[in-house]
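Asker: This is the structure, below, for whatever I ask next.
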Ligand SMILES: [Zn+2]
């Protein structure tokens with residue numbers, strides 16, 4: 001791999017076979033000495049390297065949805081590199097950054113938003129929503145299972161020399177093949193629809209028990225709303241959704257000195273929409289708790305999922 005610098009007549013990085021040119025003003029002048037600063041140079045390099053597969057080997061047809069095969073997949077690759085480098089407990093701020101970027105993108109949309117399968121010109125969909133949805137999907141079905149499906153896709157569609165060239169529907173078949181029936185709702189809502197959660201932790205109370213453990217009482221809301229491309233509500237599916245509930249100690253540091261969350265309890269539950277309560281017994285003093293605390297789901301307000309715990 002060669003990474004090379006070009007003068008700042010333009011600001012971007014782009015992947016060519018084995019060669020990624022970066023603008024002088026992008027990456028080369030970054031200061032990443034504070035481990036908690038977003039090392040966009042690392043993130044973008046991982047993304048550009050991922051294009052060696054997604055775009056250079058699997059080259060999509062020139063049809064609607066095609067850019068997801070390169071940009072969403074490159075974004076997924078860079079997310080997985082970050083997860084391995086920093087650990088899943090340090091991923092919340094990246095997920096939140098991508099989620100907020102997607103929300104800003106759709107808020108500023110001047111025409112209409114398209115779905116992940118059908119989108120042809122909205123960068124906030126193919127980068128921000130796409131990468132974010134893929135992170136949640138690998139978290140649900142297992143990174144290995146999803147990567148096996150993509151390995152099959154690569155074997156089938158890589159270096160294809162005759163049409164029909166791969167499109168987003170073919171890509172989706174492989175994603176579908178890695179997804180168990182219980183989670184089909186998630187891929188349908190994420191790829192074929194525009195679906196946003198409104199998960200919110202309202203109250204976290206704990207009580208010390210005689211045996212040294214703590215009883216934690218969580219009160220939270222969960223909502224899931226579907227929209228058309230103009231942002232009009234089209235439905236509120238009332239089925240239960242698989243959503244993570246987490247109870248945390250105070251934040252720690254990973255081996256890079258980066259802030260990471262320290263879960264005492266982390267488990268996915270089938271949660272029906274509406275306000276509800278849950279009681280969980282934990283071994284350590286709880287400091288904060290959340291519903292979808294790592295911001296793995298597309299959620300209209302990313303800040304209210306995780307709140308401090310208070311003694312009852
Ligand atoms: Zn790219």
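A short reminder: the numbers here are calculations on the coordinates, not readings from a lab. Everything numeric here is computed off the predicted structure, so don't read it as measured data. FYI the Cβ positions are ideal-geometry reconstructions off the backbone, even for glycines, and counts take in every protein chain you see.
Asker: Please list 88-96, 260-268 highest first by mean number of surrounding beta-carbon atoms within 10 Å per residue.
Answerer: My ranking of the peptides, most packed first, is 88-96, 260-268.
Asker: Mind checking the full-extension length gain between residue 230 and residue 159? Use 0.36 nm per residue of separation minus the Cα-Cα distance, one decimal, nm.
Answerer: 21.8 nm
Asker: Let me ask another. Taking R0 as 41 Å, what's the FRET efficiency between residue 57 and residue 310 from their Cβ-Cβ distance, rounded to 0.05?
Answerer: The computed FRET efficiency comes out at 0.20.
Asker: Relative contact order for region 98-191: what is it in percent, counting Cα pairs under 8 Å that are at least 6 residues apart?
Answerer: 30 percent
Asker: Fewest to most neighbouring Cβ within 10 Å: what's the order for 41, 33?
Answerer: Ranking 41, 33 by Cβ neighbours within 10 Å, fewest first, gives 33, 41.
Asker: Another one. Can I get the semi-axes of region 31-192's equivalent ellipsoid? Compute them from the C-alpha gyration tensor as square roots of 5 times the eigenvalues, in angstrom, largest first.
Answerer: 24, 18, 17
Asker: With the cut-off at 1.5 for a/c, could you classify region 195-311 from its C-alpha gyration tensor as rounded, prolate or oblate?
Answerer: Note, shape of region 195-311 comes out oblate.
Asker: Here's another thing I want to ask about it. So, R0 is 30 Å and r is the distance between the beta-carbons of residue 145 and residue 33; what FRET efficiency does that work out to, to 0.05?
Answerer: After rounding, the FRET efficiency stands at 0.20.
Asker: While we're looking at this one, here's another question. For region 177-312, what's the relative contact order in percent, using C-alpha pairs closer than 8 Å and at least 6 residues apart?
Answerer: After rounding, I find 31 percent.
Asker: On a C-alpha basis, how far is the centre of region 273-300 from the centre of region 94-146 in Å? Whole number, if you could?
Answerer: 23 Å
Asker: Say each of residue 202 and residue 176 gets a label point 7 Å from the Cα, pointing the same way as Cα to Cβ; how far apart are those two points in nm?
Answerer: 3.9 nm
Asker: How far apart, in nm, are the 7 Å Cα→Cβ label points at residue 111 and residue 152?
Answerer: Result: 3.5 nm between the two label points.
Asker: When a footprinting reagent is the concern and you count Cβ atoms within 10 Å, what order do 9, 185, 206 take, fewest first?
Answerer: Going from sparsest to densest Cβ surroundings: 9, 185, 206.
Asker: Quick one: 132, 51, 269, fewest Cβ neighbours within 10 Å first, how do they rank?
Answerer: Ranking 132, 51, 269 by Cβ neighbours within 10 Å, fewest first, gives 269, 51, 132.
Asker: Still on this structure, I have one more. Which residue fluctuates the most in the chain, going by a Gaussian network model with Cα springs under 10 Å, if the choices are 251, 144, 118?
Answerer: 144
Asker: Hey, another quick one. Take the Cα of residue 223, step 7 Å along the line toward its Cβ, and report every residue of region 169-210 whose backbone nitrogen sits under 15 Å from that point.
Answerer: 195-202
Asker: Using helices alone, what [θ] at 222 nm do you get for the chain, with -39,500 (n - 2.57) per DSSP H run of 4 or more residues, divided over all residues and rounded to the nearest 500?
Answerer: One gets -8000 deg cm²/dmol as the mean residue ellipticity at 222 nm.
Asker: Can you pull the one-decimal nm distance between simple spin-label points at residue 240 and residue 254, each 7 Å off the Cα toward Cβ?
Answerer: Between residue 240 and residue 254, the simple spin-label model gives 3.2 nm.
Asker: How high is the relative contact order of the chain, in percent, with contacts defined as C-alpha pairs under 8 Å that are six or more residues apart?
Answerer: The normalised contact order for the chain reaches 17 percent.
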